[in-house]
Amino acid sequence: MTHVQGKYGTALCCLLFLTIFIMLKTELIVVRNFAPGPEYGLLLFMLPGMVTTSLVKQSGLFAAFFGAVLAIPLCYLIRVLYFVRVRPLWQEMAYAASAIFWCVLGALIFMLIQGLWQHWHRRRAR
């Protein structure tokens with residue numbers, strides 16, 4: 001498996017995070033059909049964390065976190081410039097915090113699965 005350095009992992013996570021944000025806001029990916037309701041699209045923010053953690057050899061969790069935090073101001077800027085504002089600033093900040101949470105959770109889930117897989121292979125090799 002190809003590994004990238006931590007500084008590139010942060011940029012990779014930022015780009016993936018921005019891509020998912022834009023795809024959700026332009027409705028390229030539609031996850032709900034009714035207006036007021038749960039934001040299931042936030043679960044898609046687990047993907048940048050998982051991909052980043054799988055590609056960064058060391059400190060993938062930090063690369064996922066810092067990549068998501070780096071992407072938030074860019075997402076807000078894109079939101080203000082190109083999309084109609086339908087939410088107040090405090091709701092946008094809550095959405096951003098949730099997206100960061102899901103990104104880091106995706107990284108943690110990948111690390112858990114990877115650790116369990118390695119443990120299983122070590123026990124099987126005995």
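The values are calculated or read from the model by the stated rules, or taken from the named source; none is laboratory data. In this text the structure is predicted, and so the values were computed from the model without any measurement. Quick reminder, even Gly has a Cβ in these numbers, built from the backbone with ideal geometry, and neighbours come from all protein chains shown.
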*Does any residue of the range 58-73 turn out to be among the polar types (S, T, N, Q) and under 19 Å from Ala11 (Cβ atoms)?*
yes
*Condition check for Trp117: of a type outside the set (Lys, Arg) and free of Cβ contacts under 8 Å to residues at least 40 places away in the same chain*: yes
*Members of the range 41-70 found to be aromatic (Phe, Trp, Tyr) and under 8 Å from the mean Cα position of the chain (by Cα), listed by number*: Phe45
*Flag for Thr19 being polar (S, T, N, Q), modelled with pLDDT of 90 or more and over 24 Å from Gln114 (Cα atoms)*: yes
_Among the residues in the range 60-83, are any loosely packed, with under 13 Cβ neighbours inside 10 Å, outside any helix (DSSP H, G or I) and modelled with pLDDT under 90?_
yes
*Can you name every residue in the range 84-116 that is surrounded by fewer than 16 Cβ atoms within 10 Å (Cβ to Cβ) and either of a type in the set (Gly, Ala, Ser) or within 17 Å of Lys25 (Cβ to Cβ) (or both)?*
Val84, Arg85, Val86, Arg87, Pro88, Leu89, Gln91, Met93, Ala94, Ala97, Ser98, Gly115
